[in-house]
């Protein structure tokens, strides 16, 4: 199959497939952490992380299957499909390419609403899970509309014409099974270019506007240092990952071959990079929950000890008061009655402690 591939094609496939497989495994493990290892009280935000992880999983699979090489010449976009999907035909490859772009756009939108969620949750005490799901579905309507408008896109497979358009700069162009040519002036393609380029402006405005608002709230509000550190870590993660999402969407622009090779390698690597900090972030969340449970248990024990001290103090005060009363009455059986009274109070106190702490052993 790869006998006619140029050395640059082979290097391109080796890098892209290696990074895509790595990104797939990382996101798969991240999805496992989100589903099985995340605290239950973080359910709303788990939806955002799972949405991003699942989207990138599908994007990696599609990217491996088609491995597109994009060329631009005038008003034409030429796509050479190097992956195994080329044997499925022109139409399947074209839809898979659109699906790859739609997954990339949805991943970037997921990062945007994740940043917006972090900003909103600092102001609002709680956001329902239903609201989070609705936010994800609303954001997904844009990539889905891009898929729908691309169904009737006119594209044709002609390696000979593509070789002429590129001025024979690609070796063995005529031997590639699927070389798709499309004109950029089609409504469906123009809409896809709009979603993958112009739409980036409001997305980044919202993301970095929320980032500024989050840092402002953390400085002004009284949050614990651990909460501030966790929020800043996640904001830094999303901010560092967002430029990579723009490079992913650059693949429809018909860039030069050398530029495309660089940005195409960024596509799978961008799915690897966010996973590592998120693992650390989720692990910190789990440790934070365990630490909170330990502090709650320690506080409960402290309350038990305070109750015990108060009860002993009450016994001593009651005993002293009875001794004074009986001594003032010149009762000859003062010592015996005080001893009996003290003994009964002590036994009653021990019984109350046993009933309130059934799992602890007490020395009688």
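The values are calculated or read from the model by the stated rules, or taken from the named source; none is laboratory data. Small disclaimer: the values here were computed from a predicted structure and weren't measured. Every residue, glycine among them, receives a Cβ derived from its backbone with ideal geometry; neighbour counts consider all protein chains shown.
Is it true that residue 185 is assigned to a loop (DSSP other than H, G, I, E, B) and in contact (Cβ under 8 Å) with a residue 24 or more places away in the chain?
yes
Being closer than 25 Å to residue 218 by Cα and buried (at least 21 other Cβ atoms within 10 Å of the Cβ) narrows it down to one of 122, 101, 49, 71, so name that one.
Details: 122 fails: buried (at least 21 other Cβ atoms within 10 Å of the Cβ); 101 fails: closer than 25 Å to residue 218 by Cα; 71 fails: closer than 25 Å to residue 218 by Cα.
Answer to the check: 49.
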- Task: Kindly check whether there is at least one residue in region 62-75 that is touching a strand residue (DSSP E or B) at 6+ places or on another chain (Cβ under 6 Å) and without any contact (Cβ under 8 Å) to a residue 40 or more places away in the chain.
- Result: yes
- Task: Of the numbered conditions (1) closer than 30 Å to residue 219 by Cα; (2) assigned to a helix (DSSP H, G or I); (3) at pLDDT below 90, residue 174 fails exactly one; give the number of that condition.
- Result: (1)
- Item | Members of region 152-164 found to be crowded, with 18+ Cβ neighbours inside 10 Å and within 15 Å of residue 72 (Cα to Cα), listed by number | 155, 159, 162, 163
